[in-house]
Each structure stands twice: as C-alpha cells, then as structure tokens.
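Shown next, in structure tokens, is the structure this report addresses.
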C-alpha cells in the first residue's frame with residue numbers, strides 16, 4: 001500500500017490534477033496535491049527560477065572566500081623560538097589596506113605592545129620590526145593581527161608561538 005501511495009504522490013506532483021482526482025487520494029495526500037497547492041508550487045518554482053540569476057553572485061563559492069587569510073607567517077604558528085624575532089611578517093591571500101591594519105605583540109602575562117608597521121611593503125604583506133625587549137619572559141606569546149582587505153572585510157586572528165627559557 002505504501003509504495004502505491006508514494007507512486008501516486010509522485011505522479012500527481014509531476015502532472016496537474018484534474019477535477020475529482022484529489023478525492024481518489026488518501027486524506028493526508030489530497031491536501032498536499034490540491035489544485036491550489038499545485039498552482040502555488042508552480043508560482044514559487046517560477047519565482048525561484050527568475051530570482052536565481054539575481055542571487056547567483058551571493059551563492060557562488062568565491063563570494064564567501066573574499067576575506068584576507070594568513071598564508072604564511074614569520075614566526076610560524078606554533079613555533080618555538082630562542083628569542084623574540086627581529087622581523088615579523090604575515091603574508092595574506094589578498095591585498096590589505098595597510099593604513100587600517102594593526103599588529104600587537106601579546107606576552108605571556110597578557111601585556112600588549114603595538115608594533116609599528118612597515119609602510120613600503122607588498123600589498124599582501126603585513127610587516128613589522130619590533131623594538132628589542134630587554135629580557136623577554138619565556139612562555140606562550142601571540143601575534144594579534146587585524147587587517148582590512150581591499151574587499152572591505154575586516155579579518156583578525158592570533159599567531160601563537162613559544163619563547164624558550166634561556
């Protein structure tokens with residue numbers, strides 16, 4: 001009985017109902033396959049097909065991948081260093097607005113030091129030369145970055161690294 005009911009539902013969804021046909025279907029099916037529902041379904045399908053070209057730019061996979069993403073960094077994420085790096089560089093997958101980008105050095109105690117950014121660099125590179133720290137504490141350090149990609153999206157993140165004790 002179940003297979004024949006499913007077959008009738010599929011048949012009626014594929015073809016428009018004739019007057020009196022809904023009465024031959026079970027109660028739970030006749031309400032779904034009524035001529036009014038079929039007309040509404042057709043209109044919704046037509047509207048959906050007409051709206052698809054307008055919505056396609058928002059639905060494509062490339063539209064969601066527009067944010068600046070870290071490609072490489074110096075120091076590398078998760079690396080262990082003997083001393084603080086003399087140069088910090090973060091390469092992104094897209095161009096960034098250097099004037100609206102920030103880079104902080106966060107110590108194991110949570111203290112934050114803003115790092116001055118180099119102005120003459122590649123469009124995808126965030127670079128800084130930090131001032132020397134007399135005796136940097138060993139432990140877990142982070143580079144906290146925030147960039148504005150040229151597509152207008154702000155992206156931020158941390159690059160963790162560890163300083164060994166001497």
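The values are calculated or read from the model by the stated rules, or taken from the named source; none is laboratory data. Since the structure is predicted, the reported quantities are computational estimates derived from the model, not experimental observations. Quick reminder, even Gly has a Cβ in these numbers, built from the backbone with ideal geometry, and neighbours come from all protein chains shown.
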Next on the checklist: Give me the strands (runs of 3 or more DSSP E) completely within the stretch 97-166, filtered to those with at least 1 residues that are surrounded by fewer than 15 Cβ atoms within 10 Å (Cβ to Cβ) and at positive phi, ordered by residue number.
Outcome noted: 139-149
Item to check | the stretch 60-76 - residue that is at pLDDT 85 or above and outside any loop (DSSP other than H, G, I, E, B) and, of those, nearest to residue 86 (Cα to Cα) | outcome: 74
